[in-house]
Structures are given as C-alpha cells and as structure tokens.
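Trainee: Below is a structure I'd like to ask you about.
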Amino acid sequence: MRRFCRCLGFASLVMPAHAWAECQPSFIEGPREVRLAAGDGMDQRQLTEPFRIMIRNDGDSECRLRLRVTRDLGASDASFPNYTLNGPGGNIAVTSASPADVSSGGGVVILQPHARSPVGYTVNVPVNWGMRSGDYRQQLIFALSEDIGNTPLDTAQVRLKLEIPATARIRFAGVGGEGGAARIDLGELSTTMPTVSQPFAVRVLSTSGYQLRFASQYGGMLRRTDGPDVIPYRLFVDGRAFNMATGDQINVGEHTGSQGDVHAVSITVDPDPTWHAGKYTDRVTVAVTPI
C-alpha cells in the first residue's frame, strides 16, 4: 500500500518597515538670555522685551502640544521683581517650581508634520525708585508636553536678566523755582536778630549709596548784585552746619526707598547793623553722585 502525504506549506511574508513616526516635538535653540536694561530713568516705568521660542515637529503626524513655563528657584534671584509673561493664550502664570514640575497651565501650540515654528512671548517688568542697583536673574524652564498630559517631552531654558544701573536724582521740596532750579527768598534781612529761611528740603532718589554735595558760588557769602559787599550765611543740612567756603557733602551708604531720602535744609543769616542796603544773592549747586 502506498501512502501519500499531502503537506500544506506556510510561507512567511516579511513586509518592509514603513518609516512612520508620530508627533516628535522638540526645542530647536539651546539656553538663551533675555536682557532687560532699565537705563537711567526709574520713574514708574515698565520694561517690555519680546522674545521667541523655536520648536519643531520631526514626526509624520500633527502635534497638539501644551507649552508650559516654570521658574527654577535654585537658579533665580529671590529679589527679582514681580513681572508678567504673555504668550500663547494671553497672560501666563509662572509658578515657583522645580524644573521637572510642568503641571502649571500653558498655551496650546499646534505643529504640522516636519514643521518648525516660533512661539512669541513678551516679558513686562515694572521698575521704579526703591530698587537696588545690580543685575537680577530669573531662570525659566519651558516644557513641551502633550495637550492632555503633564509628562515633559522636551525642555528649554531661558534666563531673564534685569539690569538696574547705579543712578540718582534730586527733587526739591518746599521751594519755588523754574527749570529745576530752586529759589530761596530770605526777604528783608533783620539787623537785630537772626534771619532764618522757610523750611525746605532736598529729596534724593538713588538706586545705590550716594554722595550729596553742596557748593557755594561765593564761598558761603551773599554778594550784593551792584557792589562788592558780602554777607556771610550758614547753611544747615539735617541740622548740621555745612562748610560752604570749601564745599561740603553727605555720604549715604545705602540705596533709597521708593519715596527717597529727605534732607532738611535751612539758611541762617546773623544780624549786622553795618550792612549796606541792596540785593544780595548766592548760587548753591546741589549735586548727587551714586557710589
């Protein structure tokens, strides 16, 4: 008897791998710095600086991403002033968190396959008198994640650098004048008792320690406008008599508060019956130098 074996063969078919990759987002640029320079003007102003983050999608499908921002406390100055950050979706609340925490909200960004796109941001920092001169740094961590997830797919660092210069200004209080010059009118000088000026003050606004100097054109003398006669006077700053013959100064080692330092000033003319009638004047230059 002959036996026949009927075999059914199976052939395996190996399909070539298709190079299909889903959404693959990443940041293009490395760490960067955004500079905010205050300049010399500190009178209630706001520094505004735009910048952008470049991202790309190396995948074959569309990416719907959430771009979140956190603050790295370990790499940031605690004295960095409050600021606002605007980006996708409007104002962004930047939390104080570790770099790995991207649970805070952020703007949604859509990237097409094999595309790259800039994402624009604007940082606004208010500056005013009362701030100390120096450089302030704030380290931001930008994180890409899926729109519905919190796991970071890629991160990028952006450092905000705020520059406050050593600068100072003078304001006069309690006196009249034009063009920034104060005018003190002593009125008619008494020949029998001391003549004392009305109280006035010098207000100093400074982002650093400062030197406040007083210098007299006539060496602490009131000079008659139509003759050689002079009348000596005494100038007091914060109750201390200044040497106006050579010029005198105050040194302050700290920056001022937002309202400045107020230095009370007064002028006293001692009586003398031998004075000649006339109009007497002197010009005192008040200068402040940040140190």
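The values are calculated or read from the model by the stated rules, or taken from the named source; none is laboratory data. Just so you know, these numbers come straight off a predicted model, no measurement behind them. So basically every Cβ, Gly included, is an ideal-geometry build from the backbone, and we count neighbours across all protein chains shown. Note: accessible area is taken over every heavy atom of the protein model, side chains too, but ligands, DNA and RNA are not part of it. Shrake-Rupley method; radii C 1.70, N 1.55, O 1.52, S 1.80 Å.
Trainee: So for the chain, taking the charge dipole from beta-carbon charges (+1 Lys/Arg, -1 Asp/Glu), which of 174, 197, 277 sits furthest toward the positive end?
Mentor: Of the candidates, 174 comes out farthest on the positive side.
Trainee: Continuing with the same structure: Which residues' amide hydrogens lie under 5 Å from the amide hydrogen of residue 172, considering only partners 5 or more residues apart or on another chain, with H built in the peptide plane?
Mentor: HN-HN under 5 Å from residue 172: 203.
Trainee: Moving to a separate point now. Order of 34-42, 136-144 by packing, highest average Cβ count within 10 Å first?
Mentor: My ranking of the peptides, most packed first, is 136-144, 34-42.
Trainee: Here's a follow-up. Of the accessible area of the chain, with the probe set at 1.4 angstrom, what percent is carbon plus sulfur?
Mentor: Carbon plus sulfur share of accessible area: 50 percent.
Trainee: If you don't mind, there's one more thing I want to ask. Rank by packing, highest mean first: peptides 191-197, 227-233, 167-173, with packing defined as the count of other Cβ atoms within 10 Å averaged across residues.
Mentor: My ranking of the peptides, most packed first, is 167-173, 227-233, 191-197.
Trainee: Pop out the ³J(HN,Hα) list for the stretch 140-146 in order, Karplus 6.51 cos²θ - 1.76 cosθ + 1.60 with θ = phi - 60°, rounded to Hz; leave Gly and Pro as x.
Mentor: Whole-Hz 3J(HN,Hα) from phi for the stretch 140-146: 9, 10, 9, 10, 9, 9, 5.
Trainee: Now, a different point. Place a label point 7 angstrom from the Cα of residue 62 along the Cα-to-Cβ direction, then list the residues of the stretch 137-161 whose backbone nitrogen is under 19 Å away.
Mentor: 145-149
Trainee: Out of residues 5 or more away from residue 291 or on other chains, whose amide H comes under 5 Å of its own, with H placed 1.01 Å from N in the peptide plane?
Mentor: For residue 291, whose amide H was placed from the backbone, the distant partners under 5 Å are 209, 210, 211.
Trainee: How much net charge surrounds residue 26 when only the other residues with a Cβ under 11 Å from the Cβ of residue 26 are counted, with Lys and Arg +1 and Asp and Glu -1?
Mentor: Once all neighbours under 11 Å are counted, the net charge is -1.
Trainee: Now, a different point. Going by amide H atoms built from the backbone, whose H comes under 5 Å of the H on residue 109, apart from near neighbours?
Mentor: So residue 109 has HN proximity to 65, 66, 67.
Trainee: Continuing with this model, one more query. Quick one: Karplus J couplings for the stretch 250-265, per residue in order, coefficients 6.51, -1.76, 1.60, θ = phi - 60°, nearest Hz, x for Gly and Pro?
Mentor: After applying 6.51 cos²θ - 1.76 cosθ + 1.60, I find 10, 10, 10, x, 10, 6, 7, x, 5, 8, x, 9, 9, 10, 6, 10 Hz.
Trainee: Follow-up. With θ set to phi - 60° and the Karplus curve 6.51 cos²θ - 1.76 cosθ + 1.60, what are the ³J(HN,Hα) couplings of the stretch 121-130 in order, to the nearest whole Hz, using x for Gly and Pro?
Mentor: Going residue by residue, I get 9, 9, 9, 10, 10, x, 10, 6, 4, x Hz, with x marking Gly and Pro.
Trainee: Could you state the accessible area per residue of the chain in Å², with a 1.4 Å probe and every protein chain left in place?
Mentor: That works out to 58 Å² per residue.
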